[in-house]
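The values are calculated or read from the model by the stated rules, or taken from the named source; none is laboratory data. Remember, it's a predicted structure, so these values are computed and weren't measured experimentally. Cβ placement follows ideal geometry from the backbone for every residue including glycine, while neighbour counts extend to all protein chains displayed. What goes into the accessible areas is simple: the full protein's heavy atoms, side chains included, and nothing from ligands, DNA or RNA. Shrake-Rupley method; radii C 1.70, N 1.55, O 1.52, S 1.80 Å.
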Amino acid sequence: MSGSVESSGTARLQRGQTRAAIVGAVGLVALVAGAFGSPEQFFRSYLPAYVFVFGIALGSLAALMLQHMTGGAWGMMIRRILEAGARTLPLVALLFVPLAFGLPHLYAWADPVKVAGDAVLQAKAPYLNVGFFLARAVLYFVLWSVFAYFLSRWSAEQDALAGTGPDDRRFRMLSGPGLLLYGLTLTFASVDWVMSLDPHWFSTIFGMLFIGAQGMSVFAFAIAVLALCSQDAPFAGRVKPAHFHDLGKLLFAFVILWAYLAFSQFLIIWSGNLPEEIPWYLERASGGWQWMAAVIAIGHFALPFLLLLSKDLKRNRKALMAVAIGILVMRYVDAFWLVAPSFEPAHLAVHWMDLAAVAGLGGLWLAVFFRLFQSRPQLPVNDPYYEDALAHGGHH
Amino acid sequence: MADTAIYGLMAEFQDPSALVEATRRAVDAGYRKLDAYTPFPIEELAEALRFRDRRLPLLVLAGGIVGGLSGFGLQYWINVINYPLIAGGKPYFAWPNFIPVTFEMTILFAALAAVFGMIGLNGLPLLYHPVFNAPGFALASRDRFFLVIEASDPKFDRHATGEMLRGLTAHEVVEVAN
């Protein structure tokens, strides 16, 4: 490791970790307390918060593999942020465990009484049953954790070298198949965990929609963290406006991709207007849910799209950070809008436990993220392409 | 003093980083009427030249807005006003159906504005430009990098400017005839 870049747990990151841990603890205590009053509400609040946090963690692994494959200079500054995010996947797997105890509260196909009275659910039972559902979840998490483990371990080996390391093909050999598996496993996971809330409904673009959404989550998150610590060692003087510009462009691209996919799904189902497809949108466009849909259309697409058009904004650390945080908030709103109307189709309902769940899971996850991020050098100084990426920012 | 007898002085560089560095120093030395010529786009160069022309991005934005509005407007006019026809049991004003064409028109007009705006703002087509008088300038489209300080620059002085350029690791410095 080069002398100038130490694994420095800066005061700012330490403070972030402490605050996130406090918010997480308060949220979890409130959530657990609420669970005694209403176990059903606990699971209904837990799932959207879980989908939101999961999106950042798995998105980190995907973006990390993407960066290993493309070798873009944009990734060198955020590689350790992505690695720390990917290293939280075992925690995310652990956080999945409570859901396993509440499946009948969430999914009609997990309730034998409902299945007995529904021919469609009986036909889908070979796939949608509790045993197979849990086995698939275990398989996803094992696969994701293995990829995260090796990419992180080899990175640690690179840090241990005396100087700039050789071009390491192992990263690419793993990341190529990894990206392919990411697309497949996330498609299945999104069908299992979210789409099957409405077991009669189906949309073949659903997995892609999750990929676009996770791209938004991870780039917004990485920008926010990089902006937070760009004034401290080891980032100070190394992170340039050009790096934020690149990350802003990638975030912009994912905003457009997500909107494109989300609208494609809507247009096809709306045009077809078939009885097995359209109820999903009818539920989400009535009883107050339409206002949340409008907020998503504006806050998740239109507003970030217009703001990110500006080159000056993308090069401005604070402005870009504000947009990124806004997008993260909207990512939760979007997860909520996907999940919650399945439980309350008649009218928009937000429970205090929804907020407790997102504070609890988000805070806990963020605290662990900060801890993992501080446990390693925050820049991959021994990577053979590190110097190139640094020079990319220009000389000023 | 500005010099009108020649177009300017041209320095030739072997690699892009030398050109960018020389451009920075020339700008720092106070020269403003200068331009660089390269075989491929160099991102840092615009910044080094302090190129601040925002007309093209605004033109592209305007093109996109005009394209989007006209695409949406055209469909609205046809489907709601001029020839209302029920298709697929949808209302006349079936806006989700209008989005794909609106999107395509936005891209089309923005792209056309970018291409023709770039050509127009560059003053193209241009039948004569003095830089082509310099011997070896054709290499600007192959593997050489050129910096030209124009004689119309208030700080331009045939001798002093030439000396400065020679001091900037220039491979060769030549005068460009008008």
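Just a few scattered comments:
- Leading residue by the ranking (farthest from the other protein chains (Cβ to nearest Cβ)) among those in segment B:12-55 that are of a type in the set (Lys, Arg) and open to solvent by 30 Å² or more (accessible area, probe 1.4 Å): B:Lys33
- Odd one out for A:Ala222 among (1) open to solvent by 10 Å² or more (accessible area, probe 1.4 Å); (2) in contact (Cβ under 8 Å) with a residue 24 or more places away in the chain; (3) outside any loop (DSSP other than H, G, I, E, B): (1)
- Annotation note: Cβ proximity below 6 Å between a residue of segment A:265-293 that is more than 14 Å from chain B (Cβ to nearest Cβ) and a residue that is of a type outside the set (A, V, I, L, M, F, W, C) (sequence gap 6+ or interchain) occurs for A:Glu276/A:His200; A:Trp280/A:Asp198; A:Glu283/A:Pro341; A:Glu283/A:Pro345; A:Arg284/A:Pro341; A:Gly287/A:His347; A:Gly288/A:His347; A:Trp289/A:Pro341.
- Evaluation of A:Ala100 against the conditions (1) crowded, with 17+ Cβ neighbours inside 10 Å; (2) touching a Leu at 6+ places or on another chain (Cβ under 7 Å); (3) farther than 23 Å from A:Phe219 by Cβ; (4) small (Gly, Ala, Ser) shows that the sole unmet condition is (1).
- Look at (1) within 19 Å of the chain's Cα centre (by Cα); (2) in the same structural domain as B:Ala138 (by TED's automatic domain parsing) and you find that B:Val60 fails only one, number (2).
- Any hit, segment B:101-124, residues being charged (D, E, K, R) and in contact (Cβ under 8 Å) with a residue 40 or more places away in the chain: no
- Out of B:Thr102, B:Thr106, sole residue that is within 14 Å of chain A (Cβ to nearest Cβ), open to solvent by less than 50 Å² (accessible area, probe 1.4 Å) and more than 30 Å from B:Gly123 (Cβ to Cβ): B:Thr102
- Of the helices (runs of 4 or more DSSP H) contained entirely in segment A:283-391, those carrying at least 2 residues that are under 30 Å from B:Glu44 (Cβ atoms) fall at A:303-308, A:311-315, A:317-339, A:386-391.
- Residue match in segment B:85-97 (condition: open to solvent by less than 60 Å² (accessible area, probe 1.4 Å), in a helix (DSSP H, G or I) and in the same structural domain as B:Leu19 (by TED's automatic domain parsing)): no
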